[in-house]
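Student: I have a structure here, written as C-alpha cells, and I will follow up with some questions on it.
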Amino acid sequence: MKKFTLLFFALFTFLLVPSELFSQQVLVLIHDTTVVTSQTQRLADKDSLKKALSVILPNYVLETIDSNSTLPNLSSYKSIILQETAFDAVICRYLGVAGRNSIKAWLNSGTAGDKKTLVSIGGDQGYNYSRSGSAARDLALTQTLLMYNYRLDNGTSAATGYSIEGVGIDAGNTRTMTNTPVGSSYWPDAVQPLGSTVLYKYSNRGASDSVAAVGVNQTGYLGISLFQDPRYFTNNNFQPVLLAALQYAVANGGTFPGLIPVELVSFAASVVGTNVSLSWMTATEVNNQGFEIERSIDESVWEKIGFVEGNGTSTLMNYYSYTDKSLKTGIYYYRLKQVDYDGTFEYSSIVEANVTVPIEYALQQNYPNPFNPSTKINFSLAADSRVMLKIYDILGQEVSTLLSGELSAGEHQLDFNAAGLNSGVYIYKLDAEGVNGKNFSSVKKMILSK
C-alpha cells in the first residue's frame, strides 16, 4: 500500500515508518568527504544528494568510500546509489578494482525475483570508467553491464545553455544547470548508448548519441547512469531528476522502499452558486490510474460521484479538476480516492464546501469582458423564479434568448457564444419573477471584440 499524503505531511509520514523495515535495502555510496583536496565540490555534491533524498527517499544506509576501499557486503542490498564528483582528488575520483569487481558481481547476481538496481551519478563517470587511457577504465562495467561508451568531457555549450531534457523519463521537462557550480569542476560527460534507453539528452544535442543519461533494464538488474554532478543543477532541479530515475527503476521492477509514489501538493474546494469546484495538483505520480471523487454530508457515509484519470507515472506538475453541479443548500465534504493500476488505493484529506442561498437578486458583469467569442454571465436568485435572459444589440434589437424558464433559488451561470455576431457593444437583460412575489430586472453592457 503506497503513501498518498499532502506534501507537508510526506516527510513526517515516512519518519513514522520503522527504519528496520528499510535496513539493508538501499545503500548510498559517496567518496570520503574528509580529504582536503577537492573537498568543497565533494561536500556540495553530498549535500545536494542528501537534500534530495531527504524528501523523496528518507530511508537508506550511507557508506563513505575512497578509491582503495573494499566495499561492504552487498548481497543483502536491493539497490545502490553511487555518487562521485567530477575531476576529484585521485583518492576519491572513482572506484578501485576491488570496488568495481564487487559492483559487477552484485549486478550479475540479480535474478528476476531479486532484481538489483545501480544508480550511478557523476559528471566524470564516462571519462573515468569508459575513456581510453583512464586508470579506471572498465569496459565490462560500462559497455557490457551499463551499456554506454564515453564520447565527450562536456556535453553542454554556452550557445544553447547548460541544461538537460527528459527523453525516456521526465519527458518534456528541461532541467537547468550552471557551468560555474560550487567548487568549479564542471564536466558533464556525454555518452553513446549501446542499446540502452536514453533517459536524458543535452538541450543542444540529439537523443541518439552524446546523451546525458542512460538506463538499462535486464532480467536480473537495472542500471541508471546520470552524467552530471548533483551540485550542477540550479533551482532545486536535481531532486526531480533523481526522483524520475528512481521512479523509472521502480516501474521496471527495482526496489526503493519509501519512495514517494503520488505527491499531492494541494486539494481545495470552492463554491460557485450551487456548484462546488474541486481542484488538486500532484508533483509526482507513480502507477497512478486516477482519482475517485467521493462526497458526504456527515463525513461518515461516502458516495462516489465521479472519476478523473491520472497520468500514470510522471514527474510533471499535473493539475486536475472536477465540478459537482446543482447542489441543494448545505455543507458537503469531499475526498479523493487515489487508485493504482494494481488496485491499491489511498485517501486524501477531506475538504469542506458550504452551499448557501443568496439573500438577494443580482446580475453580475460578464467575464471576460471584452470577449471573443464567448463569455460567462452569472446571476443570483433569492427565491425560485421564472427567468428570462435576453441579448440585444446597441439599437435595442433582440439577437438571442439565452434562457426562458423556471430556476431554483441560488447562483447560476450561463455561457454566451457570439461567434455569429459582429464586433460591438451588446446589452444583456435579466427579468425574474419570484415565487415570493418579488420581481427583478437588471441590464448590463458587454463588448464583443473580434
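Student: Which number in (1) within 30 Å of L402 (Cα to Cα); (2) not in a strand (DSSP E or B) marks the one condition that G343 misses?
Tutor: Here G343 meets the rest and fails (1).
Student: All but one of (1) modelled with pLDDT under 90; (2) more than 30 Å from S449 (Cα to Cα); (3) of a type in the set (A, V, I, L, M) hold for V339; state the number of the condition that does not hold.
Tutor: Of the numbered conditions (1) modelled with pLDDT under 90; (2) more than 30 Å from S449 (Cα to Cα); (3) of a type in the set (A, V, I, L, M), the odd one out for V339 is (1).
Student: If you check L395, L402, which single one turns out to be more than 20 Å from N436 (Cβ to Cβ), free of Cβ contacts under 8 Å to residues at least 24 places away in the same chain, hydrophobic (A, V, I, L, M, F, W, C) and in the same structural domain as F440 (by TED's automatic domain parsing)?
Tutor: Only one candidate qualifies: L395.
Student: Ok, one more. Name the strands (runs of 3 or more DSSP E) wholly inside the range 394-450 in which the number of residues that are under 21 Å from Q364 (Cβ atoms) and among the aromatic types (F, W, Y) is 1 or more.
Tutor: Where strands (runs of 3 or more DSSP E) fall fully within the range 394-450 and carry at least 1 residues being under 21 Å from Q364 (Cβ atoms) and among the aromatic types (F, W, Y), they are 410-417, 424-434, 439-448.
Here's the yes/no breakdown for (1) closer than 11 Å to R175 by Cβ; (2) buried (at least 24 other Cβ atoms within 10 Å of the Cβ); (3) of a type in the set (S, T, Y); (4) at pLDDT below 95:
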site	(1), (2), (3), (4)
P188	no, yes, no, no
V191	no, yes, no, no
S203	yes, no, yes, yes
V211	no, yes, no, no
V214	no, yes, no, no
Q228	yes, yes, no, no
N235	yes, no, no, yes
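Student: With the checklist (1) surrounded by 13 or more Cβ atoms within 10 Å (Cβ to Cβ); (2) at pLDDT 90 or above; (3) over 26 Å from F416 (Cβ atoms) in hand, flag the one item N354 doesn't pass.
Tutor: Condition not satisfied by N354: (1).
Student: Same structure again: Take the residues in the range 252-292 that are part of a loop (DSSP other than H, G, I, E, B) and on the phi > 0 side of the Ramachandran plot; name whichever of them is modelled with the highest pLDDT.
Tutor: Out of the qualifying residues, it is G253.
Student: Please work out which one of (1) within 29 Å of W280 (Cβ to Cβ); (2) touching an Asp or Glu at 6+ places or on another chain (Cβ under 9 Å); (3) of a type in the set (S, T, N, Q); (4) surrounded by fewer than 15 Cβ atoms within 10 Å (Cβ to Cβ) is the condition N378 fails and give its number.
Tutor: (4)
Student: Kindly check whether there is at least one residue in the range 316-330 that is in a loop (DSSP other than H, G, I, E, B) and at pLDDT 90 or above.
Tutor: No; the residues of the range 316-330 include none that is in a loop (DSSP other than H, G, I, E, B) and at pLDDT 90 or above.
Student: If I filter the range 266-300 down to residues being surrounded by fewer than 20 Cβ atoms within 10 Å (Cβ to Cβ) and of a type in the set (D, E), which single residue comes out as farthest from the chain's Cα centre (by Cα)?
Tutor: Step by step, filter the range 266-300, then rank; the result is D298.
Student: I've got another one for you. Say we look at the range 308-344 and pick out the residues that are exposed (fewer than 13 other Cβ atoms within 10 Å of the Cβ) and free of Cβ contacts under 8 Å to residues at least 24 places away in the same chain; which of these is nearest to G290 (Cα to Cα)?
Tutor: The residue in question is E309.
Student: What are the residues in the range 137-166 that are surrounded by fewer than 20 Cβ atoms within 10 Å (Cβ to Cβ), among the hydrophobic types (A, V, I, L, M, F, W, C) and either touching a residue at least 40 places away in the same chain (Cβ under 8 Å) or in contact with a helix residue (DSSP H, G or I) (Cβ under 8 Å, 6 or more places away or on another chain) (or both), if any?
Tutor: Once the filter is applied, which keeps residues that are surrounded by fewer than 20 Cβ atoms within 10 Å (Cβ to Cβ), among the hydrophobic types (A, V, I, L, M, F, W, C) and either touching a residue at least 40 places away in the same chain (Cβ under 8 Å) or in contact with a helix residue (DSSP H, G or I) (Cβ under 8 Å, 6 or more places away or on another chain) (or both), the range 137-166 yields A140, L145, L152, A159.
Student: For the range 98-116, how many residues are surrounded by 15 or more Cβ atoms within 10 Å (Cβ to Cβ) and more than 21 Å from S69 (Cα to Cα)?
Tutor: Residues flagged as surrounded by 15 or more Cβ atoms within 10 Å (Cβ to Cβ) and more than 21 Å from S69 (Cα to Cα) within the range 98-116 amount to 3.
The values are calculated or read from the model by the stated rules, or taken from the named source; none is laboratory data. Small disclaimer: the values here were computed from a predicted structure and weren't measured. Here Cβ is always computed from backbone atoms with ideal geometry, including for glycine, and neighbour counts include all displayed protein chains.
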